[in-house]
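Read through the structure below, which is laid out as structure tokens, and then see the notes.
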Amino acid sequence: MIRDALLRNFILISVLLATFPRWGWAQAQHVLSGVVRGSDGGVLPGASVAVPALGLGTATEADGHYKLSLPEGAQQVVVSFVGYTSQTLSVNLHRSQQHSFTLAAAASELGEVVVRGEQTLKEKLQTTQMGVEHLSIREAKLLPALFGEVDILKTLQLKPGVQSGGEGSSGLFVRGGSADQNLVLVDNVLVYNPNHLFGLFSVFNSDAVQSVDLYKSGFPAQFGGRLSSVVDVKLREGDREKFVTTGGIGLISSRLSFEGPIKKGKGSFIVSGRRTYFDVFTRALNRVNANKEDYTPIPDYYFYDFNAKANYTLGEKDQLFFTGYLGRDVFGFTSPNGFQAAFTWGNTLGALRWQHVFSPRLTANTSASITSYKYNLGNSIDQFSFNLGSTILDYTARTDFDYVPNDRHTIKFGALVTAHNFGVGRLQRNSQDNSLNVNSDVNYLGQEAGLYASDNIKVNDKFQTELGLRLSGFQSGTDHFAGLEPRAAARYSLSDKVALKASYALMYQYVHLVSNSGASLPTDIWYPSRLSVKPERSQQVSSGVSFLLGDGKFLLTDEVYYKWANNQIDFKDGAQIFANNNLDTQFLFGRGWAYGNELYLEKKTGKTTGWIGYTLAWTKRNFPPQLGTSGINNGQDFYPNYDRRHNLNIVVIHQLNTRLSLTASFVYTSGAPTTLPLGRFATQDIYQGGIQAVPVYPDRNSYRMIPYHRLDLGLVYKLRPTRIGGDRDLTFSIYNAYNRRNAYFIYFEQTRDKATDQVTGYRAQQVSLFPFIPSVTYNFKF
Amino acid sequence: MIIGTVNKRILTLALAGGVGLLAGCKSLQNDVNVPLPYYANQLVAECYLQNGAIPRLTITESVPYLDDGQAIAAGSQVLALSNGQTVQLPTDVTVTLTLPGGRPLPLRYSPGVDKATGKYYTHVGTTPLVAQAGQQFGLDAQDKRGRHLTGTTIVPTFIRIDSTQYKYNALTGVNKKAYFVTKWTDPGATRDFYRLMLHKGKPANNSETDNLVDDRLFNGQSYSQVTTYRFVPGDTVTATLYHLDSLYYDFRVSVRNARNANGNPFAQPSSIHSNVQGGLGIFTVLVSDQRTVYLK
């Protein structure tokens, strides 16, 4: 009944939004639309398409498309993009029409260092959207990286409001949200586990990525399903004119990409691959030590991933796109005495998208996609075998419409349906003679749907607002849920250099990550909402002010936010999460809230670019006594381990000359909360096998480790072209330049007398993960 | 828990492969001063009764992790073990067992070492106990500082080991090793928990393997616990299968999780699930079957 009423309201509001544009419209308006590409055929998201004489303009979308509503008559349209030569088009508009642009790369002395794919700061000032961070892969490639491994998610951690899960981790914790509350999309397809190697690297190959947008608040209505952020990764399109090979040889992995036209000017493809080679070295080490009696072989470990993307223009109004990804982490162990084990995990995804331009005013994107994440852990001894695994597999169909009825409104609406297959836990323990036969397979189905509409309304030159509404629903078996998710954002310009912004968003999350650890592990399981596991819900209000300073060279933004969330999930002590038919009984439910202030100064043009971000934030959780337990911390509030009070990031990119650029990034954060044992007791157990000290942990995260700070330095040196041409560079990185011993974790141990090995007491030990680590990567393109 | 040592080992190895190799370097560890908040010492009971055995138990005291002084200042004795480790013994604790039928049985404070097992004890009875499946025992311990610890436990049923077997791999020399299989049958009517320990030589020494198993996935069926290739010709392997009550199982799991969390950044620390009130520890009756096999 309630759902019916919600649905009726949603339809009514959608209709109102669609008809609202006609109000106050006097002069005849026509829409100019099309695509802006670079000379290599790749689309240019964020390019400016403007009519300076009228003060009208827009920026291209992530897929390079633009729509600009203009008055009838002759207009001078200027298309510009940093790093490219601007183009001017004279057009006499008597009807809506399409026009696409191809911009030539500018031979400016800034060359490659120019941050392309970025909105200008003025455009950022004027947009309604707040709490969004855009990052191009070119920017990420310039910055120093751990082991020289460019990682766009780790670069996002340098933005205000974003915390990492710990040293070296690519996990994102956005404005007090946990890592599973990020909607990570690759070309609009969900990625369930965006990490390799227990979170140390993300799954995104830098050669395949075009850019990423991180939304922290004011979520547009087309996004839903996660509480805290949207990480919208766009893959690069292949060169439409010529075949290009790109690659890199690094300390721990190598990359290779090949791209080119499918049919010149009609379409292109790009395939990229990456593989680590730890295992090459560890196998060699194992061979050398094979005859040593007490030598334990080092297990094999490597990861690889493949990306593929293709586009093809079917006709003037139709285009097809394909995106694919396959990534696996592989861990193998073979002992000299015949015991074998293998542990693999990874994502697979694919999507086919059809773009149809109904008219210059109306475009539709319709796609079908599949995404899955699975892990499998198996071993065998003689006739006995063991296998443990989990899978999530989604099929999604979605359609999204962009409609620009006039220069005051930009309307988006669409719908999606997803069929989830949750293979929550599969466990098999068998023997060939049937003397052991233990099997468990816990599966659920779920269906998720979303229907949304939003309108970006330009009320006048000073005031612009975006109103959106999303109706989401989820069903698993006989359990079903629905929620109405209003979204609103507004921008008011006090002058052409100062803007006030505010936003509100309500989000539902219907699938939950079952993780009984502080870190992202491959064995974490995705679990559906059910009668006993209600959907997670969050609301966030935020407001901010932006100043354009120094003749538009700097943008200073200050944002405050308050977020509150219900039905947050944690676990009972000692929860059994593997192959448990009653996993629901292991959960605890609570609430969370986060608030803070983010100050951000950025500079995007000139020889020196970069940003300074400072965040002051609080994140708290509360899990009251329930289900026969005392909850967490006896129902008292506690800080999750990603709570950080202060966070300062400074990033500087300086172009010395056309061939040499220097980069530096500095991070300071308050110490991470951690749980330490306050007491200990001695136990002998059944047999007298030596008395053991058992730690007593009364409270969660009641201790804070020392503050974290680190300076990374980088240098990119462009080598002279070879005789066959092409670009080459050497990228040097120094991670942790002043060799700071940051705390990764703390543990207690016994101290012993060296001479007698007698226990003399107990002490705390702090473990650091990464010391000073230099690396060099050779990158090439021909 | 059905995931045995083998599989925990794989996961541990995987984690070690990812992080441990990097963190393992000694130069990345250093002493750190950790000012811990106040911790109130608690009585700790560790009592494993057995049918036909004189009751012996230890009452000790938990202490702040980095400081023994608090217990000593309050009057506890410090028992210095042969390896230099110390255990705090409150000397003023009165202990009474409650036998099936309700009869109280005071235990004498007489710290010592059980010559048969090598275990320390603080309180001891005088005559062997009779404990039959389903009977309830009680524990009451209180000191003069007002701390009062109580608990009850029910005697589990006896579960027989059906068979044991071992098999060598196809290798020779130092790589010739055998895996060991212990098989038993789970009763279908009840939720059951087990602890299987394999020892080389006398069971008084450290166990080779120590598995906690619940019957969640094999209720009413026969089950085999398999080790890796780890035993060599000439080993004498003793398999001891304990049938546990759920509270003792929970206690063991929580002790294991708490110990694992100290030094493992991926683990979520666990509080101790004691089956006694007013303190920490375990009060249970051990019921076990045992097989000893000589590996030819």
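Descriptive notes on the structure:
- Some residue of the range A:219-229 being buried (at least 22 other Cβ atoms within 10 Å of the Cβ) and part of a strand (DSSP E or B): yes
- Residue count for the range A:754-775 under the criterion of being facing chain B (nearest Cβ under 7 Å), of a type outside the set (Ser, Thr, Tyr) and more than 33 Å from the chain's Cα centre (by Cα): the result is 5.
- Segments classed as strands (runs of 3 or more DSSP E), wholly inside the range A:589-702, with at least 3 members that are within 14 Å of chain B (Cβ to nearest Cβ), buried (at least 16 other Cβ atoms within 10 Å of the Cβ) and more than 22 Å from the chain's Cα centre (by Cα): A:679-683, A:692-696
- Residues that are at pLDDT 95 or above, closer than 23 Å to B:ASN257 by Cβ and among the aliphatic types (A, V, I, L, M) do not occur anywhere in the range B:215-235.
- Scanning the range A:365-424 for residues being within 14 Å of another protein chain (Cβ to nearest Cβ) and more than 28 Å from A:ALA342 (Cβ to Cβ) gives a total of 0.
- Residue in the range A:764-777 that is open to solvent by 30 Å² or more (accessible area, probe 1.4 Å) and either in the same structural domain as A:PRO144 (by TED's automatic domain parsing) or in contact with a helix residue (DSSP H, G or I) (Cβ under 7 Å, 6 or more places away or on another chain) (or both) present: yes
Rundown of residues vs (1) touching a helix residue (DSSP H, G or I) at 6+ places or on another chain (Cβ under 8 Å); (2) hydroxyl-bearing (Ser, Thr, Tyr); (3) assigned by TED's automatic domain parsing to the domain that holds B:ALA133, yes/no style:
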| site | (1), (2), (3) |
| --- | --- |
| B:LEU217 | no, no, no |
| B:SER224 | no, yes, no |
| B:PRO233 | no, no, no |
| B:THR240 | no, yes, no |
| B:ALA258 | no, no, no |
| B:ASN262 | no, no, no |
| B:ALA267 | yes, no, no |
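- Within the range A:410-437, being within 18 Å of A:ASN347 (Cα to Cα) and either modelled with pLDDT of 90 or more or over 31 Å from the mean Cα position of the chain (by Cα) (or both) holds for A:THR418, A:ALA419, A:HIS420, A:ASN421, A:PHE422, A:GLY423.
- Yes/no for A:GLU167 being modelled with pLDDT under 85 and more than 17 Å from A:VAL716 (Cβ to Cβ): yes
- A:GLY73 being out of contact with any helix residue (DSSP H, G or I) (no Cβ under 7 Å at 6 or more places or on another chain), open to solvent by less than 50 Å² (accessible area, probe 1.4 Å) and free of Cβ contacts under 8 Å to residues at least 24 places away in the same chain: yes
- The one condition from (1) of a type outside the set (Val, Ile, Thr); (2) surrounded by fewer than 20 Cβ atoms within 10 Å (Cβ to Cβ); (3) closer than 21 Å to A:TYR778 by Cα that A:GLN210 does not meet is (2).
- Among the conditions (1) without any contact (Cβ under 8 Å) to a residue 24 or more places away in the chain; (2) buried (at least 18 other Cβ atoms within 10 Å of the Cβ), the only one that B:THR91 does not satisfy is (2).
- Qualifying residue in the range A:158-173 (condition: in a helix (DSSP H, G or I), within 26 Å of A:TRP564 (Cβ to Cβ) and not charged (D, E, K, R)): no
- Any hit, the range B:251-268, residues being away from chain A (no Cβ under 12 Å) and either open to solvent by less than 40 Å² (accessible area, probe 1.4 Å) or in a loop (DSSP other than H, G, I, E, B) (or both): no
- Within the range A:134-153, residues that are farther than 15 Å from A:THR609 by Cβ reach partners that are in a helix (DSSP H, G or I) and among the charged types (D, E, K, R) with beta carbons closer than 6 Å, at six or more positions or on different chains, in the pairs A:VAL150/A:LYS141.
- The set of residues from the range A:703-742 being among the aromatic types (Phe, Trp, Tyr) and either within 14 Å of chain B (Cβ to nearest Cβ) or in a strand (DSSP E or B) (or both) comprises A:TYR703, A:TYR708, A:TYR717, A:PHE732, A:TYR735.
- Restricted to strands (runs of 3 or more DSSP E) entirely inside the range A:236-297, those with at least 1 residues that are open to solvent by 30 Å² or more (accessible area, probe 1.4 Å) and among the small types (Gly, Ala, Ser) are A:253-263.
- Qualifying residue in the range A:725-735 (condition: under 30 Å from B:GLN29 (Cβ atoms) and not hydroxyl-bearing (Ser, Thr, Tyr)): yes
- The range A:325-338 - residue that is open to solvent by less than 10 Å² (accessible area, probe 1.4 Å) and within 11 Å of chain B (Cβ to nearest Cβ) and, of those, farthest from the chain's Cα centre (by Cα): A:PHE331
- Verdict on B:LEU105 being at pLDDT 90 or above, farther than 30 Å from A:THR334 by Cα and within 11 Å of chain A (Cβ to nearest Cβ): no
- The residues of the range A:689-738 that are closer than 30 Å to A:PHE623 by Cβ and of a type in the set (Val, Ile, Thr), listed by number, are A:VAL694, A:VAL696, A:ILE706.
- If you go through the range A:367-409 and keep only what is open to solvent by 20 Å² or more (accessible area, probe 1.4 Å), part of a strand (DSSP E or B) and more than 29 Å from A:LEU349 (Cβ to Cβ), you end up with A:SER380, A:SER385.
- Which listed residue, of A:THR629, A:THR658, is within 30 Å of A:LYS604 (Cβ to Cβ), out of contact with any Phe, Trp or Tyr (no Cβ under 8 Å at 6 or more places or on another chain) and at pLDDT below 90: A:THR658
- Strands (runs of 3 or more DSSP E) fully within the range B:133-240 that include at least 1 residues being surrounded by 15 or more Cβ atoms within 10 Å (Cβ to Cβ) and within 18 Å of the chain's Cα centre (by Cα): B:148-154, B:193-200, B:209-214.
- Top-ranked residue of the range A:526-540 - restricted to ones that are polar (S, T, N, Q) and within 12 Å of A:PHE587 (Cβ to Cβ), ranked as surrounded by the most Cβ atoms within 10 Å (Cβ to Cβ): A:SER529
- Selection count where residues are open to solvent by 40 Å² or more (accessible area, probe 1.4 Å) and under 30 Å from A:ASN286 (Cα atoms), scope the range A:339-362: 3
- A single member of B:ASP214, B:ASP245 is more than 9 Å from every other protein chain (Cβ to nearest Cβ) and not small (Gly, Ala, Ser), and it is B:ASP245.
- Cβ pairs under 7 Å, 6+ apart, first in the range A:743-760 and surrounded by 14 or more Cβ atoms within 10 Å (Cβ to Cβ), second in a loop (DSSP other than H, G, I, E, B) and of a type in the set (Asp, Glu): A:TYR744/A:GLU167; A:THR760/A:ASP753
The values are calculated or read from the model by the stated rules, or taken from the named source; none is laboratory data. Remember, it's a predicted structure, so these values are computed and weren't measured experimentally. Because the Cβ atoms are built from the backbone with ideal geometry, glycine has one as well, and the counts that use them run over all protein chains shown. Just so you know, the surface numbers come from the protein's heavy atoms only, side chains and all, with ligands and any DNA or RNA stripped out. Shrake-Rupley method; radii C 1.70, N 1.55, O 1.52, S 1.80 Å.
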